[in-house]
Each structure stands twice: as structure tokens, then as C-alpha cells.
Amino acid sequence: MTDPRAEFESDLYRTAIGQLDQVATRLNLDPDIHERLRFPRRALVVSIPVRMDNGKTEVFIGYRVHHNTALGPTKGGLRYAPDVNLGEVTAPAMLMSWKCALMGLPYGGAKGGVRCVPRDLSRTELEHLTRRYTAEIMLVIGPDLDIPAPDLGTDETTMAWMMDTYSMTQGRTVPGVVTGKPLIIGGSAGRREATGRGIVYALYQAARFLGQELRGRTVVVQGFGNVGGVAARLLWREGAIIAGVADFKGGVWNPNGIDVGQLERHVAEAGSVVGFPGADAVSNVDILERPCDILLPAAIGSQIRGDNAERIKANVVAEGANGPTTPEADVILRERGVTVIPDVLANAGGVVVSYFEWVQGLQYYFWRESEITSRLQEVMTRAFNRVWALAQKEGTDLRTAALMEGIRRVSEGYKIRGLYP
Ligand code: GLU
């Protein structure tokens, strides 16, 4: 028999399986459950014909993958990116399972994606693409089935189109089908800031355990969107020195600190951090190697790799993006004593507030931003402390500890539910 893993062959899937296998050994995981967790419960592949602005029809390929449903309906983002394929969506769906379980959310993991270059599409084309994709995956989404949210290349407008398309076919408004929606149609206060804010809470705990303060620490941020932009602003407000910031066009560097308020105004006008006065130009790859205390990769995956990990100067790396560190780089950073706060923990604030949004939507009762923020802080702090304590107890790094906690909870759910039929 051929190896069923071949179906999902991709770099990310191989990495995710490698992590699962390593943790399974440490946890002494039941081999049957281990085998089950390697595969998604279901994966839907759809073709999406889109009428382009030039009148021609182009067909795109999209996916929605549910990794497992042991702990509840599935949850996870939708990404629009050129490298999307079955394996590259299945791996982050699996990571969403560990992330949700680690954070104590009643969800299994999912992910969706459409292979495209979103920057090359007009707003109308993006809307057509999103609506037809939603219609095609209608079979597998729903407020108690699978709840998409934004990820790379998608945002709250994408979620509004998805919610509207789903609602139109049901003949009623269904706010709980997606999270990360605009506030006016049932989004949650604080959802947009949630991932960045969660990173700051995680960093705050890390600094405490390392006997440091965030104030006065030098920070480099790669990515200036929803995640990196918000984290940079909040860290700057905490008194950290934001020495470097980069986005997809390039980066800016000033070791004396960048005024994030002024940088935001520059980005609003220029569309990028590039050209910000009072800072030197640097590439968005070189910026990772600049001297700093805290490095925040908050853009895309595989940025810290075997070929640059030796030159990373930070002693704390907080993974704002999903999978910014390759397994080779992870080993190098660990050997060099760098504290890596892994994606499943560092960027989990997004899905935590998605959960709050979903609960609010199901109850038609909305909370104040201060309630969201304090509950987020509580969930992040508790999860961080648990992971830190487990890492100490097991003598391991934070990624291994976080995955151990997430995978253990999912496997417990499987065990207690038993195998159907
Ligand atoms: N895409 C985000 C993540 O990777 C958020 C998912 C969600 O809110 O469901 O965690």
C-alpha cells in the first residue's frame, strides 16, 4: 500500500508531521491515535471560476481542510497566497488543532486557502472569488460545523463577503459562520488588534520569567499589518524601542527608536514603511539579523531558516506569523539559547478573540472592548504560564511544551470519545 501521507506532500506538512511524531514519542501517545492525528478528517478541493475585469473567466483552485473535530466544530483562517495547495493548507489546519486545544477553546483545527496572488486582483475580482469560493465550500462550513476567519491575504472585508454569501443562501443572517467580521455586522470589539495584543501579553510573561522588563528592550518587527503593526504600536507604548520595522516592500532601521505613530501616518500615505524619514533603508530579510533583544517575525512563513539562524541577534523570538521558523533554524536557535515563543502560543490571541466573537454572535449579546481585552490577557497569561512550567518540568523548549499540551488535549478528546462505529 502506498503511504497515505503522499496525498498531502509539501514542506509544511512534512514539518507538521515531524513535530507531531516527536511530541508523540515524548507523550507516549497511543499509536492508533497518533496515526489518526497525522491526517485531516476531511479536505475539500474546489474550482472557482471568476469573471475577471477584462471579461474573461479564470479558474482558481481552493481548499478547506478540517483536521479534527474531537473537541468541537473546526476553526481556522482562510489564506489567499500563490503557494496554496492541499499539503500547505493541511499543515496549518493541524497546527490550528494544537493551538485551539492549547488555549482551551472548544474547537478542532481547520484552514482554507485559494491559490492566487491577491495583490494582482482588483477589489471586484476578489469579491467574485470570495463569494464563489464560499458557495463552493458551503457544504462544510457553518456556525456549528466550521468557522473561517482571516489569515494571510484576507481581511474583515473578505469575512463580510463570506458571511453575506452564506446568509443569502440560508435566507437569514448568520453572523456565527465566520469571525473577524467588521464590527457593524457582528464583529467583536478588539478582534483586529487581538493577535498583536496577545503577542504583547506573551512577551510580557516571557520578560517576567526571564527577569526583564519590556520597557527599554530593543525590538525588530517584520510585517506591519494586523499582527506586526498592532504589536509594534503596543510595544512602543510600553516603552520598548522599536528599532526596525519591515513590510513586503522593504524595511526601515533606526537603533535610537522609531516613532510608531509617525510611521503609521507615513504608511497611511505611502502604502509602505519604505521611505520613512529619520530611519535608514534595510531589506525586509536583512532586518532579521539586526541587533535587538526581541525579534517579531509577523509576516509570512519560513523567514528564519538554516542559512540565517546563526546570525539572528535577538534573545527572544515571538512568532507572530504561522511557521516563520523552519525546523533547521529552530534547532540552531535552541542550541544558541534563544527563547522562541512558538506561533501556536504567541499568535493565539487572534483565535481566542475569534472564539469570543463567535460566542457573542451566537448569543446576540456583545461585550465591551475592556472585557475582551482583560479576558484575552487572562487566557494568554494562563496558557503561557502553563507552557513555561511544562517546558521547565520536561527540560524542553517552549515549542515542544506548547505542542505537547495541545496534542495531549486533542488525543484525550479522541480517547474519551472512542472510535466510530
Ligand atoms: N488565522 C488565525 C490563526 O492562524 C486566526 C484563526 C481564527 O481566528 O479562527 O490563528
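If you go through the range 164-180 and pick out every residue that is open to solvent by 10 Å² or more (accessible area, probe 1.4 Å) and touching a Gly at 6+ places or on another chain (Cβ under 7 Å), you end up with 1. Please find, among Glu412, Glu357, Glu405, Glu369, the residue that is open to solvent by 70 Å² or more (accessible area, probe 1.4 Å), within 23 Å of the chain's Cα centre (by Cα) and at pLDDT 95 or above. Being open to solvent by 70 Å² or more (accessible area, probe 1.4 Å), within 23 Å of the chain's Cα centre (by Cα) and at pLDDT 95 or above holds for just one of Glu412, Glu357, Glu405, Glu369, which is Glu369.
Could you tell me which residue of the range 144-155 is farthest from Asp247 (Cα to Cα), considering only residues that are more than 9 Å from the ligand (Cβ to nearest atom) and within 15 Å of the chain's Cα centre (by Cα)? Per the stated criteria, the residue is Asp155.
The residue list Thr381, Thr400 contains one member that is of a type outside the set (Lys, Arg), in contact with a Phe, Trp or Tyr (Cβ under 7 Å, 6 or more places away or on another chain) and either in a helix (DSSP H, G or I) or away from the ligand (no atom under 16 Å from the Cβ) (or both), which is Thr381.
Beta carbons closer than 7 Å, at least 6 apart along the sequence or on distinct chains, never pair a first residue in the range 1-15 that is assigned to a helix (DSSP H, G or I) and at pLDDT below 95 with a second that is open to solvent by 70 Å² or more (accessible area, probe 1.4 Å) and of a type outside the set (Val, Ile, Thr). Checking the range 409-421 against the condition returns no match, with no residue being touching an Asp or Glu at 6+ places or on another chain (Cβ under 9 Å) and within 16 Å of the ligand (Cβ to nearest atom). Residue check: Gly350 meets all listed conditions (1) surrounded by fewer than 18 Cβ atoms within 10 Å (Cβ to Cβ); (2) of a type in the set (Gly, Ala, Ser); (3) in a helix (DSSP H, G or I) but one, namely (1). Condition first: within 16 Å of the ligand (Cβ to nearest atom) and not in a helix (DSSP H, G or I). Can you find one or more residues in the range 385-396 that meet it? Scanning the range 385-396 turns up no residue that is within 16 Å of the ligand (Cβ to nearest atom) and not in a helix (DSSP H, G or I).
Checking each residue in the range 103-144 for being within 15 Å of Ser354 (Cα to Cα) and open to solvent by less than 40 Å² (accessible area, probe 1.4 Å) picks out Met103, Leu105, Tyr107, Gly108, Gly109, Ala110, Lys111, Gly142, Pro143. Taken together, Ser283, Ser272 contain a single residue that is open to solvent by less than 20 Å² (accessible area, probe 1.4 Å) and of a type in the set (Ser, Thr, Tyr), which is Ser272.
Condition check ((1) open to solvent by 20 Å² or more (accessible area, probe 1.4 Å); (2) at positive phi; (3) without any contact (Cβ under 8 Å) to a residue 40 or more places away in the chain) across all residues:
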site	(1), (2), (3)
Val227	yes, no, no
Ala231	no, no, no
Ile241	yes, no, yes
Ala246	no, no, no
Arg265	yes, no, yes
Leu295	no, no, no
Ala298	no, no, no
Arg305	yes, no, yes
Val317	no, no, yes
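Filtering Met163, Met96 for residues that are more than 12 Å from the ligand (Cβ to nearest atom) and within 21 Å of the chain's Cα centre (by Cα) leaves a single hit, Met163. Please verify whether Ala70 is outside any loop (DSSP other than H, G, I, E, B), surrounded by 21 or more Cβ atoms within 10 Å (Cβ to Cβ), on the phi < 0 side of the Ramachandran plot and touching a helix residue (DSSP H, G or I) at 6+ places or on another chain (Cβ under 6 Å), treating the condition exactly as stated. Against the criterion (outside any loop (DSSP other than H, G, I, E, B), surrounded by 21 or more Cβ atoms within 10 Å (Cβ to Cβ), on the phi < 0 side of the Ramachandran plot and touching a helix residue (DSSP H, G or I) at 6+ places or on another chain (Cβ under 6 Å)), Ala70 does not qualify. Set side by side, the residues Ser302, Ser272 differ, and just one is within 27 Å of Thr154 (Cβ to Cβ) and either over 20 Å from the mean Cα position of the chain (by Cα) or basic (Lys, Arg) (or both), which is Ser272. For the range 225-241, the candidate set comprises residues that are under 26 Å from Ala402 (Cβ atoms) and in contact with a Ser or Thr (Cβ under 9 Å, 6 or more places away or on another chain); within that set, the residue that is modelled with the lowest pLDDT is Asn226.
Over 15 Å from the mean Cα position of the chain (by Cα) and within 16 Å of the ligand (Cβ to nearest atom): does that describe Asn85? When the stated conditions are applied, Asn85 does not pass them.
The values are calculated or read from the model by the stated rules, or taken from the named source; none is laboratory data. Values in this document were obtained by computation on a predicted structure and should not be read as measured data. Note: ideal-geometry Cβ built from the backbone for every residue, glycine included; neighbour counts use all protein chains shown. Heavy atoms of the whole protein, side chains included, go into the accessibility calculation; ligands, DNA and RNA do not. Shrake-Rupley method; radii C 1.70, N 1.55, O 1.52, S 1.80 Å.
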